[in-house]
1. Output the residues belonging to the range 311-331 that are out of contact with any strand residue (DSSP E or B) (no Cβ under 7 Å at 6 or more places or on another chain) and modelled with pLDDT of 95 or more.
2. Give me the pairs: first residue in the range 64-90 and assigned to a strand (DSSP E or B), second residue of a type in the set (S, T, Y) and modelled with pLDDT of 95 or more, beta-carbon distance under 8 Å, and six or more apart or on different chains, which are they?
3. Which condition breaks for M359 when tested against (1) at pLDDT 90 or above; (2) buried (at least 20 other Cβ atoms within 10 Å of the Cβ); (3) not acidic (D, E)?
4. Take the residues in the range 452-466 that are in a loop (DSSP other than H, G, I, E, B) and closer than 8 Å to G432 by Cβ, then tell me which one is modelled with the highest pLDDT.
5. Output the residues belonging to the range 398-409 that are assigned to a helix (DSSP H, G or I) and surrounded by fewer than 17 Cβ atoms within 10 Å (Cβ to Cβ).
6. Please work out if L284 is out of contact with any Leu (no Cβ under 6 Å at 6 or more places or on another chain), touching a residue at least 12 places away in the same chain (Cβ under 8 Å) and either among the hydrophobic types (A, V, I, L, M, F, W, C) or not assigned by TED's automatic domain parsing to the domain that holds L206 (or both).
7. Just checking, which of Q113, Q82 is touching a Ser or Thr at 6+ places or on another chain (Cβ under 9 Å), at pLDDT below 90 and either under 18 Å from G218 (Cβ atoms) or assigned by TED's automatic domain parsing to the domain that holds E29 (or both)?
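The values are calculated or read from the model by the stated rules, or taken from the named source; none is laboratory data. Predicted model only: the values in this text are computed from it and were never measured. Here the Cβ positions follow ideal geometry from the backbone for every residue, glycine too, while neighbour counts run over all protein chains shown.
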Amino acid sequence: MTMSEVRAVEGRVEPPYMPDVPAAFRPGEVILEMRNITKRFPGVVANRRISFDLRAGEIHAILGENGAGKTTLMSILFGLLQPDEGEIYVFGKKVTFRSPLDAINMGIGMVHQHRKLVAAHTVLENIILGHPRAGRILNLKRAEEEVVALAEKYGFRIDPRARVWQLSEGEKQVVEIIKALYRGARILILDEPTSALTPQETDRLLESIEAMARSGLGVVPFITHKLPIVLAVSDRVTVLRRGEVVARLDTKDVTEQLLAEKMVGRPVLFDLKKPDVQPGEVILRVENLSTLNDKGLLALKGVSFEIREGEILGIAGVSGNGQRELAEVLAGLRKPTGGRIVFEGKDITQASVLDRWRMGIGYIPAERKDVGSIGEFSLVENVLMNFYFDPGMARNGIIDYAKALRLTKELIIEFGVSTPGPEAKAKTLSGGNLQKIILARVMARRPRLLIAALPTQGLDIGAMEFVRKKILEAKARGSAVLLISEDLDEVMSLSDRIAPIYEGEIMGIIPAEKAKKEVIGAMMAGSRGEETQQ
């Protein structure tokens, strides 16, 4: 009996194209084994004798900090890299993947954190693009019926005729998953699957992932820091640290604290205590602020709020809703098209970046490599970018290099920057250490207003804990802090008030003690809040 006949007899909804995989698996049957995988790059062993297995109907999470080896291991499984040592068995058959096509043909699908979609095309067109059955003549009607049936099977809600540019981040994630399933994936690798989703989108995605597992698929999410997701959806967890397996655990037996400790190698504080600071005078007042994005379209639409001394205002939103433009307008990097910015009673709407720094405004940009640092410059030179204009650091245009060197050494020690020395180039630092040096040079100026844009994005748990502590220290010193983050847990744990943003508008401002995650999530998706404070 052929594969298509088996599907017809059993009456199941299956992808229109089936790779070289068995028709069905027994629950709990091992469908993937990676044995003693080792991968070396110049100067580093990314994976050292890693073994990993996956069972039918199982969600097996791979957990680890940045640089732990997760991405390398999964890239080997998907054929993007080849191991130096070790073996891979898929459905009991030893395999060698020379390309992603080899992996796809063995029933493996991978959904990357950064979308691989064509924005101008429809959902359907993206799903069938490059499909083995997409020959010279396309049967779009049949393909649409197949996609709709597949979506319904796993509880996905998507319009196959919608253009990708019209979709939310959660909907784009769904398209990527359906695309992999449509190609017959029986093993699904998910890279940071909930990193850019609202709480509601996250809940729906987790329900669909569980439905996939119930249908017999094996799912491998690999995650850097979203530990509640691991606990909510996985059956087993493999923890990597510095390229090696340090723990293999049943999820029912673990806690967030235990997982974090295994990842980092030390206890990690999750519940950072906010300093008990009574907010003082208004430091920043934003009135009806508007600006354009890089495409010339309106990115901010009459945004208004204020921040006081010793207060953290959290801007919560899914990427692309005006957060970047807001940070840049306040920092002086982007011109407003309307409204006013008032800092300590003075209108600074047209003030330069340098003037804002001198006034006491500190800015931690989201793009730590492109905006926050110069890779070819030493750490000393990068620190000087925030001090070269100080009379104590330069006289008659001549910089006191010895003083700059001393300051940089002090900041490296205080902020725990892992580096060969202050004269190392910034490009040699890891993401977490680069963020620490940017944070250090900004904090060293003791800013009255701190604008922190995505300060922990892409960082591992240890670095995230450190950065959050420093933000709370700024609050304790009396700084006003504008925290812009796509991590709702971070916003809710650090902020005194929360302002969800959607399509360039503040949907309301809610005191943190009264904020509920589902309400904030709905506001991030466009719902107006009932309780608003400016």
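1. E328
2. Taking only residues 6 or more apart or on different chains, the pairs are E85/T38; G86/T38.
3. Failed condition: (2).
4. Narrowing the range 452-466 to residues in a loop (DSSP other than H, G, I, E, B): 454-460.
Next cut, closer than 8 Å to G432 by Cβ only: 459-460.
Numbers: L459: 76, D460: 73.
Taking the candidates together, the pick is L459.
5. Residues satisfying the conditions are Y401, A402, K403, R406, K409.
6. Here the answer is no, as L284 does not meet what is asked.
7. Q113
Let's see how each residue does on (1) of a type in the set (V, I, T); (2) within 23 Å of the chain's Cα centre (by Cα); (3) closer than 18 Å to G322 by Cβ:
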site: I471; (1), (2), (3): yes, yes, no
site: K475; (1), (2), (3): no, no, no
site: G478; (1), (2), (3): no, no, no
site: V491; (1), (2), (3): yes, yes, yes
site: I498; (1), (2), (3): yes, yes, yes
site: A515; (1), (2), (3): no, yes, no
site: M523; (1), (2), (3): no, yes, yes
site: R528; (1), (2), (3): no, no, yes
